[in-house]
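The values are calculated or read from the model by the stated rules, or taken from the named source; none is laboratory data. Because the structure is a prediction, the values reported are computed rather than measured. Methodologically, a virtual Cβ is constructed for each residue, glycine included, from the backbone with ideal geometry; neighbour enumeration extends over all protein chains shown.
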Amino acid sequence: MLPPDFLGRLLFLLDRYGVSLLQGAGRTLIIAIIGTVIGCLIGFVVGIIQTIPVSKNDNMFKKIILKIVRIILAIYVEVFRGTPMMVQAMFIYYGSLQYLGVDMTMWAAAIFIVSINTGAYMAETVRGGILSIDRGQTEGAAAIGMNHFTTMVYVVLPQALRNIMPQIGNNLIINIKDTCVLSVISVVELFFVSKGIAGAYYTYFETFTLTMVIYLIMTVVCSRLLMLLERKMDGPDTYDLATTDTLAHTSGMMSYSAKKGGR
Amino acid sequence: MEERKPILEIKHLSKSFGKNLVLKDIDFEVYPGDITCIIGASGSGKSTLLRCINLLETPTGGEIIHDGQNVLERHVNVPAYRAKVGMVFQSFNLFNNMTVLKNCMVGCEKVLKESREKAYEKAIFYLEKVGMAPYINAKPKQLSGGQKQRVAIARALAMEPEVLLFDEPTSALDPQMVGEVLEVMRSLAKEGLTMLIVTHEMAFARDVTNQVVFMADGVICEQGTPEEIFVNPKKEQTREFLSRFMNK
Ligand SMILES: Nc1ncnc2c1ncn2[C@@H]1O[C@H](COP(=O)(O)OP(=O)(O)OP(=O)(O)O)[C@@H](O)[C@H]1O
Ligand SMILES: [Mg+2]
């Protein structure tokens, strides 16, 4: 029944379990992507709170609240960066089951753990990204009367986001790979599926060859797509010169068209 | 003449960084239409003075009166005040993530809360004034220094400020680009814009301004009309500074 040669076995496994492997890969990808997105949102919120400026003139209430929130967030970052995700998974899943009476679904548990873990990493990245924006940018914004909030939303965060895109990509790749630790709480992702298949016919090497290839395809495709996204964020390398003719009709802003020219 | 009210009154202004007293007892006034030049040696506190006026630095003493209100008091709405007192920097400080057009629109839209159409019209109007309208689609990094500075001036003008502060607007520029920026500033002067300019361009200071402030070591050493300062300086220090500059 099981072919004797390596290639034959690969084909046999593909034929028999190809769909399950793809389903597992799909779950891995979904958990990794959603976890990264939510993790980034958490990271931005934490990073933004950590960089709110406090001046001497601010009232006591604001200062104290901010201080407490920052301490809590710092603890969050330390705890989740400082422990393995596999352990966090056990801790959160069984903890919530036994003591909170919450039986998280596979999806909820997986996404929760990946998000909160990514958030802890991204918090520091975002903080660094915000602090790395040249002070001239915030001074330029201040000089035309922007407040802290407006400056962050329109000037600092867009630039910080662009600068930390490589790290976001990095986190996505890591998450695609590291979701495999969620198999300890029986999340049926690619690694979990592979283990099951491998055990069925005792084809560990063959199955995990396929698994390796699938992981590699996912990570390579994702990193390429992110690079394209980065390029898109940068906008075109050249610009079109507007002609005096087109500028004369300033009222029609939306229908404004630039003529080819420039460099 | 006596009834004209100053836009800005600087009274006994002082600023220290730690123990380093950088500005001491600065006093002067800016009236509507005034073009004031601040000159002085490097490190004399010119930038610090401008940054204090714009509240980018918090003065340690004295008053800055705007519209009869001391803007150093606690409850003052600082962003609203800054929207009326524009600033042009030596290093341009254009928003790197926005096109030229967006740079000039964002203040009108997000600070003055004007409509998109209004912001667009103002941006184009002021970009045309500085000769940068054709470049609306460019990003700052695609422009030369002189072009960047002209866009920065347009961005400040689009806020329609009561007074515009310039901190060495041409110092970061190649010689051939200095002219194009000074030309723009000359035309703004003709139109009656109130300006407060820190510069090392003595010819510009002499020809365009009606008030010159000479600073040395954190104090105003001498102050007067361009003739008084450039032709008949009273203080030895002023004479020395000017002779060094004119010989260059
Ligand atoms: N943020 C700061 N912290 C500490 N000291 C400062 C700071 N900014 C300026 N100084 C000091 O204040 C003094 C005045 O500096 P300032 O930049 O105002 O001089 P300037 O007249 O503008 O000189 P330049 O012509 O070189 O621009 C200098 O001695 C400088 O070292
Ligand atoms: Mg300076």
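Details
- Of note, A:Ala160 satisfies the criterion of being in a helix (DSSP H, G or I), more than 9 Å from chain B (Cβ to nearest Cβ) and at pLDDT 95 or above.
- Condition broken by B:Arg82, with the remaining ones in (1) in a strand (DSSP E or B); (2) of a type in the set (D, E, K, R); (3) more than 15 Å from ligand 1 (Cβ to nearest atom) satisfied: (1)
- Which numbered condition B:Leu8 fails, given (1) within 16 Å of ligand 1 (Cβ to nearest atom); (2) buried (at least 18 other Cβ atoms within 10 Å of the Cβ); (3) under 17 Å from the mean Cα position of the chain (by Cα): (1)
- Any chance B:Met159 is more than 10 Å from chain A (Cβ to nearest Cβ) and more than 16 Å from ligand 1 (Cβ to nearest atom): no
- Among residues of the stretch B:35-46 that are closer than 12 Å to B:Val212 by Cβ, those with a Cβ under 8 angstrom from a residue that is in a helix (DSSP H, G or I) and near ligand 1 (Cβ under 6 Å from one of its atoms), sequence gap 6+ or separate chain, pair up as B:Ile38/B:Lys46; B:Ile39/B:Lys46; B:Gly40/B:Lys46.
Residue-wise test of (1) closer than 22 Å to B:Ala189 by Cα; (2) not polar (S, T, N, Q).
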{"residue": "B:Lys5", "(1), (2)": "yes, yes"}
{"residue": "B:Lys11", "(1), (2)": "no, yes"}
{"residue": "B:Ser16", "(1), (2)": "no, no"}
{"residue": "B:Lys46", "(1), (2)": "yes, yes"}
{"residue": "B:Thr58", "(1), (2)": "no, no"}
{"residue": "B:Val78", "(1), (2)": "no, yes"}
{"residue": "B:Val85", "(1), (2)": "yes, yes"}
{"residue": "B:Leu94", "(1), (2)": "no, yes"}
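- The stretch B:149-160 - residue that is of a type outside the set (Gly, Ala, Ser) and either under 18 Å from B:Phe95 (Cβ atoms) or buried (at least 23 other Cβ atoms within 10 Å of the Cβ) (or both) and, of those, nearest to ligand 2 (Cβ to nearest atom): B:Gln149
- A:Met122 crowded, with 20+ Cβ neighbours inside 10 Å and within 14 Å of chain B (Cβ to nearest Cβ): no
- Counting only residues that are free of Cβ contacts under 8 Å to residues at least 12 places away in the same chain and either more than 7 Å from ligand 1 (Cβ to nearest atom) or aromatic (Phe, Trp, Tyr) (or both), the stretch B:19-28 holds 1 of them.
- Consider the stretch B:161-179 and keep the residues that are within 16 Å of ligand 2 (Cβ to nearest atom) and either of a type in the set (Asp, Glu) or over 17 Å from B:Leu196 (Cβ atoms) (or both). The one that is surrounded by the fewest Cβ atoms within 10 Å (Cβ to Cβ) is B:Ala172.
- Looking only at residues in the stretch B:44-59 that are of a type in the set (Val, Ile, Thr) and in a helix (DSSP H, G or I), the one that is farthest from ligand 2 (Cβ to nearest atom) is B:Ile53.
- Looking across the stretch B:57-91, the residues that are closer than 20 Å to B:Ser47 by Cβ, under 17 Å from the mean Cα position of the chain (by Cα) and within 12 Å of another protein chain (Cβ to nearest Cβ) come down to B:Glu57, B:Tyr81, B:Arg82, B:Val85, B:Gly86, B:Met87, B:Val88, B:Phe89, B:Gln90, B:Ser91.
- Taking each residue of the stretch B:106-130 that is crowded, with 22+ Cβ neighbours inside 10 Å and looking for partners that are polar (S, T, N, Q) with beta-carbon atoms closer than 8 Å, six or more apart or interchain, yields B:Tyr120/A:Thr250; B:Ile124/A:Thr250.
- Test set (1) in contact with a Lys or Arg (Cβ under 7 Å, 6 or more places away or on another chain); (2) among the β-branched types (Val, Ile, Thr); (3) exposed (fewer than 11 other Cβ atoms within 10 Å of the Cβ) - A:Thr51 fails condition number: (3)
- For B:Asp25, the conditions (1) in a strand (DSSP E or B); (2) on the phi > 0 side of the Ramachandran plot; (3) buried (at least 23 other Cβ atoms within 10 Å of the Cβ) are fulfilled apart from (3).
- Members of the stretch B:29-43 that are surrounded by fewer than 22 Cβ atoms within 10 Å (Cβ to Cβ) and within 16 Å of ligand 1 (Cβ to nearest atom): B:Ala41, B:Ser42, B:Gly43
Residue-wise test of (1) closer than 27 Å to B:His66 by Cα; (2) within 16 Å of ligand 1 (Cβ to nearest atom); (3) within 11 Å of chain A (Cβ to nearest Cβ); (4) not polar (S, T, N, Q).
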position	(1), (2), (3), (4)
B:Phe95	no, no, yes, yes
B:Ala119	yes, no, yes, yes
B:Ala123	yes, no, yes, yes
B:Pro134	no, no, yes, yes
B:Leu173	no, yes, no, yes
B:Glu191	yes, no, no, yes
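- Condition met for B:Met87 (aliphatic (A, V, I, L, M), buried (at least 17 other Cβ atoms within 10 Å of the Cβ) and within 16 Å of ligand 1 (Cβ to nearest atom)): yes
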